[in-house]
Amino acid sequence: MATQAAQASTIAVATGHLKAIEGHLAQQVATALANLDHLKEHKHLILKSQGGSHLHAAGTPLTAIHNKENQEGTDGPEDLPSKLAALEKALVDRDLLLLRQNEDIASLEDQLARAQLNPARRDSANQRTATERDLIPAVNVPANLDAPMPATMELARDQIVLLRKALQNSQDDTRQAENSRIESEAALQSAVKELQSELTEQQQMWWRLEADCRNLQNLLAQANHEKRMLINQLLDLKGSIRVICRVRPMMSSDALTAATSSSSILEIPSPDTVILAPDRTERIVYDFDRVIGPSEGQEEVFNEAKGLVDSVAEGYNVCMLFFGPTGSGKTYTMAGRPGDLGMAANALAHLFRLAREVDSKQQVRVSASILEIHNEQINDLLLAQNQQQPKLEIKEGSAGVEVPGLTIKPMAGMQEAEAIMQRGRAARGRGGPEEATRSHLVLTIYVTCTHRSTEATSSGKLHLVDLAGSERLAKGAVTSERTKEVQAVHKSLTVLGDVIQAIQQKSSHVPFRNSKLTRLLEDSIGFNSRTMVVLTCSPASEDASETRSTLEFGLKARKPEGLTRQGSTSPKRHFLKALRSTNE
Ligand SMILES: Nc1ncnc2c1ncn2[C@@H]1O[C@H](COP(=O)(O)OP(=O)(O)OP(=O)(O)O)[C@@H](O)[C@H]1O
């Protein structure tokens, strides 16, 4: 803008000076014309005084006459014609010069006017390069207008030429700038169009993907629903009580004497059969829902229970009973060890996974309590260490069997769950390991699902019961206190067997109230609930008797048609023997 203003002011100054020059020239012409008139009059007077005979002297140079006049009229009258002629020529020259200047000025003014009227040109002047701007010098008109006219005129003409060139450049620049603006605008418009079409395409693709995703989610939900229905049907077909048997590996602690064999007394010919061969004369075959061998891990055990854990999230009550003599692997199978998750941790992890999967539709809350039943007394294992153990009783509440006052801890994830289970284990161990083996530990996981839109709620619970060792009294040192403990354990295990048998036989009376344990599990065994008995067996020959008792207990728990198939001993005899051994 500054350059443009400077240029306009330069042009204005030049125009002013040119107008001044024009005025000056006009004044000189007027003077010359006056001189001419004067001379003409003078000549006329001379001719008049000399008569018509002297008229031929009119060809004398005017300058000479003029010079003579300047010499105070000393020249003779014969020089006047030549002076007049010279003056006339000078006048013609000046007229011509003036005419050219007028033309230049008119053209310059015209260009100036056009340049001022066209804002696009004015703006484009800003884009002129430095080199081009240098082509326009400042118009320096001599301050003294009396200086010789040709030099002033020449300078003015040069400046006009330069200004014209500058104007031309400016016009070229404007045109170029306009062209490039049009080109850029077109390119920009086409890029915008391209982006818009790309955006539309992507939006359409996104909508398609969203729709696909919704369809897949619906299909998945439907498939999951169908899967659960099939699992439920399968579970119903298998009966409400499933029995699986887990045979632990041989341990270095298993006594190997000359009287016993170092080889396992248990054979697993198929995934649902275990053969007890305590000696060469006897082979008893037991069929269960599944037999898990020594080489199989915790994962395989959990796979058998996954369907049951799913049904807890659907509102079923489920009970898993870990039954076997001390050292057979009940605690290992239920609780696991660090880095080797047992059934409880696997079930919790599965429930938290389910909760995450259904999170958009349902809110799933998981909580847990841990208690032990020792000498028919219930102890809360989640009490703070300094808290007094309250007297806890089992009641029938609106939501089923309850233990009012029992600590129930909410759990948001596995970290919290691990900490709670660890706390329960530590509390159980406070009475010493001996006491722990003579008490039942019950970990109960409560699952509540609330539908986010309908607010319909379903609740289920999963009892995991690490039963007291099922071995007979004769095995350890006998004190009156220990006798009392063992009798309490045996009584509760016998009642448990009776309850299971009554359920399997669809008996009208089920003796749930005969022990604290069965009373606690009343709404979670049989009928509208699901139960899994996990028999844990030692393969060591020195544990043959306990292993047999355990397998016989399993027989009790299974449906009547699933008992032993072959061997030298009748199933019925084994069954009665199992009952007797549990009651001893
Ligand atoms: N399937 C298995 N694989 C590897 N080790 C096992 C297995 N089962 C049990 N064990 C190991 O055998 C030992 C005894 O197991 P565990 O303590 O679980 O027996 P238990 O039946 O719970 O005995 P108690 O009644 O005294 O609690 C433990 O060291 C355990 O790690």
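The values are calculated or read from the model by the stated rules, or taken from the named source; none is laboratory data. What you are looking at is a predicted structure, and each value in this text was computed from that prediction instead of being measured. Because the Cβ atoms are built from the backbone with ideal geometry, glycine has one as well, and the counts that use them run over all protein chains shown. Heads up: the accessible areas ignore ligands, DNA and RNA and are worked out on the full protein's heavy atoms, side chains in. Shrake-Rupley method; radii C 1.70, N 1.55, O 1.52, S 1.80 Å.
Considering the conditions (1) under 25 Å from Asn379 (Cα atoms); (2) outside any strand (DSSP E or B); (3) open to solvent by 10 Å² or more (accessible area, probe 1.4 Å), Tyr446 is excluded by exactly one of them, (2).
Please give the number of the condition Lys193 fails out of (1) of a type in the set (Lys, Arg); (2) closer than 30 Å to Arg100 by Cα; (3) at pLDDT 80 or above. Every listed condition holds for Lys193 apart from (2).
Checked across the range 537-544, the condition of being open to solvent by less than 40 Å² (accessible area, probe 1.4 Å) and within 21 Å of Asn317 (Cα to Cα) holds for no residue. When you scan the range 228-242, how many residues do you find that are at pLDDT below 65 and part of a strand (DSSP E or B)? Going through the range 228-242 one residue at a time, the tally reaches 0. Looking only at the range 395-411, count how many residues are of a type in the set (Gly, Ala, Ser), touching a residue at least 24 places away in the same chain (Cβ under 8 Å) and assigned to a loop (DSSP other than H, G, I, E, B). Residues meeting the conditions: 2. Scanning the range 517-538 for residues that are in contact with a strand residue (DSSP E or B) (Cβ under 8 Å, 6 or more places away or on another chain) and in a helix (DSSP H, G or I) returns Leu517, Arg519, Leu520, Glu522, Asp523, Ser524.
Check whether at least one residue in the range 341-354 is open to solvent by 40 Å² or more (accessible area, probe 1.4 Å) and touching a residue at least 60 places away in the same chain (Cβ under 8 Å), and report yes or no. No.
Look at (1) in contact with a strand residue (DSSP E or B) (Cβ under 9 Å, 6 or more places away or on another chain); (2) at positive phi and you find that Lys506 fails only one, number (1).
This table checks each residue for (1) within 16 Å of the ligand (Cβ to nearest atom); (2) outside any strand (DSSP E or B).
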site	(1), (2)
Gln363	no, no
Ile373	yes, no
Leu382	no, yes
Glu393	no, yes
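Taking the range 243-337 as the region of interest, the strands (runs of 3 or more DSSP E) fully inside it that hold 1 or more residues being in contact (Cβ under 8 Å) with a residue 12 or more places away in the chain, within 15 Å of the ligand (Cβ to nearest atom) and within 45 Å of the chain's Cα centre (by Cα) are 290-292, 317-323.
Considering Lys491, Lys506, Lys516, which residue is among the charged types (D, E, K, R) and at pLDDT below 90?
Numbers: Lys491 fails: at pLDDT below 90; Lys516 fails: at pLDDT below 90.
None of the others qualify; the one that does is Lys506.
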